Amino acid sequence: MASNLIIVESPAKAKTIKKYLGKDFEVLASYGHVRDLVEKEGAVDPGHGFAMKYDLIDKNRPRVDAIEKAARKADALFLATDPDREGEAISWHLAEILRERGALDDRSVKRVRFYEVTRNAIREALEHPEELNDNLVNAQQARRALDYLVGFNLSPLLWRKIKPGLSAGRVQSVALRLICEREDQILAFQRKEYWTVEARSSKGSVIFPARLSEFRGERVEADTQKERFSITSEAQAREVEQELLAAAGGRLTVAAVERKPKRRNPAPPFTTSTLQQEAARKLGFTARRTMQAAQKLYEAGFITYMRTDSVSLSNDAVTEIRSTIRDVYGTKALSPAVNVYRTRSKNAQEAHEAIRPTSAALTTQRADGEIEDADQRRLYALVWKRAVASQMAPAVFDTVAVDLVAGSSAEVTGRDRHSFRASGQTLLEPGFLAAYHEDHDEDEVAESEDERRLPALEVGETVDLAELLPEQHFTQPPPRYTEASLVKALENFGIGRPSTYASIIETLRYRQYVEMNGRAFVPTDIGKIVSRFLVRYFPTYVDYGFTASMEDLLDEISNGERQWRPELQRFWEPFKERVEEIATSVSREEVAEARVVGTDPASGKPISVRMGQYGPFVQLGTKDDEEKPRFASLLPGQRMHEVTLVDALKLLSLPRELGEAADGRPISVGRGQYGPYVKYGSKFASIKEDDPFTLTLERALEIVAAKEKADAERNIQVYAKEGISVLDGRFGPYVTDGRKNAKVPKPAEITRDTDADTKARLWRQAAAGLSLEECQELLAAAPEAKGRFGRRGAAARGAPKKKAAAPTSAPPAVRKKVPAKRAARKTATSRKGKAKK
């Protein structure tokens with residue numbers, strides 16, 4: 001038996017480490033966190049020093065048992081979980097569990113930290129073991145308690161005031177606020193018109209553009225950032241055009257030529273945040289996808305630890321990278337001196353390296369043969385190129401700017417002087433661009449790398465003016481946040497940790513607070529209402545500065561500068577009072593954001609759009625009217641702020657009577673929980689493609705006929721008196737009595753080689769030949785069906801899927817009402833774990 005036990009987080013990492021160590025070491029994985037706060041109220045008790053009640057995570061219980069068994073046999077225990085707050089907390093929890101179980105006794109328990117899974121790094125860590133860092137553990141406990149107290153108190157408040165199933169979080173809600181406020185800016189944006197004038201000039205066979213920079217001796221403004229524009233209408237642009245043509249007489253004179261070199265330096269190696277941003281831009285990866293691929297690369301020993309704020313590199317890494325640059329790109333591509341980068345992140349906590357390949361000698365071409373997964377290969381290439389480029393020479397451009405004056409003389413002044421500027425650049429030395437090009441977001445002004453060549457020009461020389469091109473432009477609203485720009489904004493504000501951004505973004509999607517328009521986040525109606533509720537009633541706790549200051553506080557706790565319990569107490573008291581106050585003083589009506597869109601011309605009652613327990617809807621009338629108000633849900637894709645009176649009247653026009661069938665049954669059309677439907681008598685037929693608002697009686701009768709035909713084909717035979725039916729189901733014929741389902745045995749004629757049509761025909765014939773006694777025998781032998789909803793669910797499986805067809809026993813519009821308190825309580829029970837996470 002091995003005398004040394006090493007505990008890591010993942011089995012992949014354990015497998016890699018095992019290769020580097022001898023038979024004296026056993027390596028086991030905890031599979032992440034081993035215990036968490038209990039999933040019920042009181043998991044964090046502010047009244048008793050914020051005591052925290054933990055419980056083992058069920059899926060990891062067998063792993064903890066295996067670790068305990070191995071620990072009892074080992075002489076020494078090495079806790080080698082990830083070298084950050086989360087990893088420190090996992091090690092602490094494992095040590096506490098083993099101590100409580102009496103599995104440690106006098107055994108040595110040491111903490112080892114390494115930032116790359118390589119032979120040398122692991123051996124170095126084992127030779128210099130450390131103690132658990134209590135400050136890091138305290139900081140993680142404080143963060144966990146803080147997130148629990150915020151989520152466990154705000155989320156139920158959202159359920160009561162808006163709708164069940166919602167959640168709020170310390171960082172999540174601030175991220176949502178960023179997205180919603182950007183959307184508000186876009187909706188409030190008033191675009192402005194402006195014009196530019198470009199001259200198409202030529203020297204010999206070379207045609208080049210030049211933009212109007214001076215008119216009548218004054219600078220021409222076209223600054224979209226400051227919204228300063230000199231030409232703001234077509235009439236003004238045409239007037240300028242005519243005056244320029246008259247002054248130029250078909251010629252432009254070179255007034256000045258400015259030539260100078262421009263150097264562009266490489267970006268530093270990746271941090272967690274910049275890796276997520278660049279992977280989103282270049283590879284189209286979500287933050288979660290990026291972190292999953294990076295985790296696997298780290299565990300397999302290809303890159304260093306991927307949760308870091310540092311941009312520095314070790315001396316050994318720099319030496320190897322510079323050697324690789326010489327081999328791959330040549331000595332000329334190497335920077336003259338070592339490029340040193342400083343961390344600028346406000347809440348940088350890790351003192352280790354940036355993300356880099358563990359061996360720069362493993363080039364992207366060689367890595368293709370060693371890394372099987374496509375995502376990991378692409379991400380490794382990104383990490384390798386960025387790290388290598390960081391030690392390469394700057395890119396050098398030769399830039400030239402030429403001022404040209406309208407006319408044959410450059411000496412004109414005052415109101416008679418009209419100037420154009422042409423610019424060009426040529427790449428002289430690619431430097432780091434040979435390895436890596438950095439991408440930028442929409443709202444960033446990036447330096448161009450494109451070559452724009454101008455002909456050789458000298459002061460006093462004249463060139464031909466081929467044409468003038470006035471062009472209309474409009475200012476653009478700020479772009480919506482993408483994953484890359486949202487991560488950057490959160491980091492710039494100092495909100496959250498880069499390692500948590502992926503889960504924050506996933507939560508916003510899961511709660512349906514945002515939707516994706518391409519790569520951009522668009523807040524949903526429920527997302528906007530939740531954000532406005534929190535901003536209005538809890539402004540302090542979703543304030544950017546306050547959230548960032550909490551991160552600073554947690555950093556101070558991790559550095560041992562503050563004690564975590566007194567700081568939590570300072571947060572908790574005012575927060576608890578505010579939650580209690582809002583719970584009693586704010587009504588559901590105040591939060592629903594009802595907006596009157598107009599008056600119903602028929603009844604004179606107000607029509608409003610608002611948010612309800614099941615989503616946004618329009619309402620005819622008010623709760624104070626004698627007659628109960630009418631409701632209609634919004635169509636998929638409809639937004640509350642876009643709904644007009646015309647839209648609302650259209651939604652309220654259903655259900656609509658169409659007429660009668662030949663047998664006298666009334667025919668109507670409506671919308672229900674599962675979509676539009678035609679009602680014929682007491683039955684329903686789902687509408688697949690037709691528009692329910694324009695559906696005619698003739699088309700409705702066709703839909704009914706098709707439904708009745710399908711039902712008839714589905715019923716193979718019916719024993720009505722006994723309540724037994726033989727039906728044709730999705731997976732073949734079966735017998736049902738409403739409580740049990742029994743599959744009809746396949747006839748012997750059906751073999752593997754039987755084609756689908758023949759198989760269906762033979763099986764249906766066999767089902768049609770079943771006697772009542774045979775049906776009863778099949779049902780008696782069938783197990784008691786336990787569907788998703790018990791016996792009712794089992795019976796329902798014999799009916800068509802709800803989303804495919806409307807139910808035949810009740811209108812799709814009917815939805816069982818659940819008292820608000822019971823619904824909230826039920827949702828709380830089912831969602832606690834998810835909301836907490």
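So the values come out like this:
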| read-out | value |
| --- | --- |
| Failed item in (1) surrounded by 15 or more Cβ atoms within 10 Å (Cβ to Cβ); (2) in a strand (DSSP E or B), with residue 241 passing the rest | (2) |
| So residue 410, is it assigned to a loop (DSSP other than H, G, I, E, B), modelled with pLDDT under 90 and under 23 Å from residue 200 (Cα atoms) | yes |
| Sole residue being farther than 30 Å from residue 235 by Cα, of a type in the set (Val, Ile, Thr) and over 17 Å from the mean Cα position of the chain (by Cα), chosen from 542, 463 | 542 |
| Qualifying positions in the stretch 488-543 - in contact with a strand residue (DSSP E or B) (Cβ under 8 Å, 6 or more places away or on another chain), open to solvent by 60 Å² or more (accessible area, probe 1.4 Å) and touching a residue at least 40 places away in the same chain (Cβ under 8 Å) | 519 |
| Candidate set from the stretch 93-119 (those that are more than 30 Å from residue 317 (Cβ to Cβ) and among the hydrophobic types (A, V, I, L, M, F, W, C)); member that is modelled with the lowest pLDDT | 104 |
| Residue match in the stretch 614-623 (condition: in a strand (DSSP E or B), within 24 Å of residue 522 (Cβ to Cβ) and at pLDDT below 90) | yes |
| Residue, modelled with the lowest pLDDT, within the stretch 418-459, restricted to residues that are open to solvent by 50 Å² or more (accessible area, probe 1.4 Å) and closer than 24 Å to residue 470 by Cβ | 452 |
| Of residues in the stretch 675-715 being open to solvent by 30 Å² or more (accessible area, probe 1.4 Å) and part of a strand (DSSP E or B), the one nearest to residue 649 (Cα to Cα) | 676 |
| For residue 635: the one exception among (1) in contact with a helix residue (DSSP H, G or I) (Cβ under 8 Å, 6 or more places away or on another chain); (2) open to solvent by less than 50 Å² (accessible area, probe 1.4 Å); (3) assigned to a loop (DSSP other than H, G, I, E, B) | (2) |
| In the stretch 179-193, the residues that are acidic (Asp, Glu), in contact (Cβ under 8 Å) with a residue 12 or more places away in the chain and farther than 19 Å from residue 487 by Cα | 193 |
| Residue satisfying condition, being modelled with pLDDT of 90 or more, of a type outside the set (D, E, K, R) and out of contact with any strand residue (DSSP E or B) (no Cβ under 9 Å at 6 or more places or on another chain), within set 659, 670, 664, 637 | 664 |
| Within the stretch 1-81, strands (runs of 3 or more DSSP E) holding 2 or more residues that are farther than 30 Å from residue 358 by Cα and touching a residue at least 60 places away in the same chain (Cβ under 8 Å) | 35-37 |
| Breaking point among (1) more than 21 Å from residue 693 (Cβ to Cβ); (2) surrounded by fewer than 12 Cβ atoms within 10 Å (Cβ to Cβ), for residue 601 | (1) |
| Unique residue being surrounded by 18 or more Cβ atoms within 10 Å (Cβ to Cβ), within 30 Å of residue 385 (Cα to Cα) and of a type in the set (A, V, I, L, M, F, W, C) when the list is 270, 215, 229 | 270 |
| Unmet criterion (only one of (1) surrounded by 13 or more Cβ atoms within 10 Å (Cβ to Cβ); (2) at pLDDT 90 or above; (3) not in a loop (DSSP other than H, G, I, E, B)) for residue 746 | (3) |
| Every pair of residues 6+ apart whose Cβ atoms lie under 9 Å, when the first sits in the stretch 773-784 and is over 20 Å from residue 720 (Cα atoms) while the second is open to solvent by less than 80 Å² (accessible area, probe 1.4 Å) and in a helix (DSSP H, G or I) | 784/794 |
| Qualifying position, being open to solvent by 50 Å² or more (accessible area, probe 1.4 Å) and touching a residue at least 24 places away in the same chain (Cβ under 8 Å), among 666, 655 | 655 |
| Sole residue being more than 25 Å from residue 568 (Cα to Cα), over 38 Å from the mean Cα position of the chain (by Cα) and buried (at least 20 other Cβ atoms within 10 Å of the Cβ), chosen from 80, 71 | 71 |
| Segments classed as helices (runs of 4 or more DSSP H), wholly inside the stretch 254-367, with at least 1 members that are without any contact (Cβ under 8 Å) to a residue 40 or more places away in the chain and under 30 Å from residue 420 (Cα atoms) | none |
| Which numbered condition residue 92 fails, given (1) open to solvent by 10 Å² or more (accessible area, probe 1.4 Å); (2) assigned to a loop (DSSP other than H, G, I, E, B); (3) under 28 Å from residue 498 (Cβ atoms) | (2) |
| Filtered residues of the stretch 558-573 (kept if without any contact (Cβ under 8 Å) to a residue 24 or more places away in the chain and either in contact with a Gly (Cβ under 9 Å, 6 or more places away or on another chain) or over 18 Å from residue 133 (Cβ atoms) (or both)) | 566, 570, 573 |
| Members of the stretch 557-571 that are open to solvent by 50 Å² or more (accessible area, probe 1.4 Å) and either within 20 Å of residue 489 (Cα to Cα) or among the charged types (D, E, K, R) (or both) | 561, 562, 565, 570 |
| Residues (buried (at least 20 other Cβ atoms within 10 Å of the Cβ), over 21 Å from residue 18 (Cβ atoms) and not β-branched (Val, Ile, Thr)) located in the stretch 287-305 | 287, 291, 293, 294 |
| Criterion (surrounded by fewer than 17 Cβ atoms within 10 Å (Cβ to Cβ) and among the β-branched types (Val, Ile, Thr)) met by exactly one of 44, 38, 34 | 38 |
| Residue in the stretch 607-619 that is touching a residue at least 24 places away in the same chain (Cβ under 8 Å), open to solvent by 40 Å² or more (accessible area, probe 1.4 Å) and touching a helix residue (DSSP H, G or I) at 6+ places or on another chain (Cβ under 8 Å) present | yes |
| Odd one out for residue 109, checked against (1) outside any helix (DSSP H, G or I); (2) closer than 23 Å to residue 550 by Cβ | (2) |
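Per-residue answers, yes or no, for (1) touching an Asp or Glu at 6+ places or on another chain (Cβ under 6 Å); (2) in a helix (DSSP H, G or I); (3) open to solvent by 10 Å² or more (accessible area, probe 1.4 Å); (4) in contact (Cβ under 8 Å) with a residue 12 or more places away in the chain:
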position	(1), (2), (3), (4)
102	no, no, yes, no
140	no, yes, yes, yes
165	no, no, yes, yes
175	no, yes, no, yes
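The values are calculated or read from the model by the stated rules, or taken from the named source; none is laboratory data. These figures come from a predicted structure and were not determined experimentally. So basically every Cβ, Gly included, is an ideal-geometry build from the backbone, and we count neighbours across all protein chains shown. When the accessible area is computed, the model is the full protein with side chains, heavy atoms only, and any ligands, DNA or RNA have been set aside. Shrake-Rupley method; radii C 1.70, N 1.55, O 1.52, S 1.80 Å.
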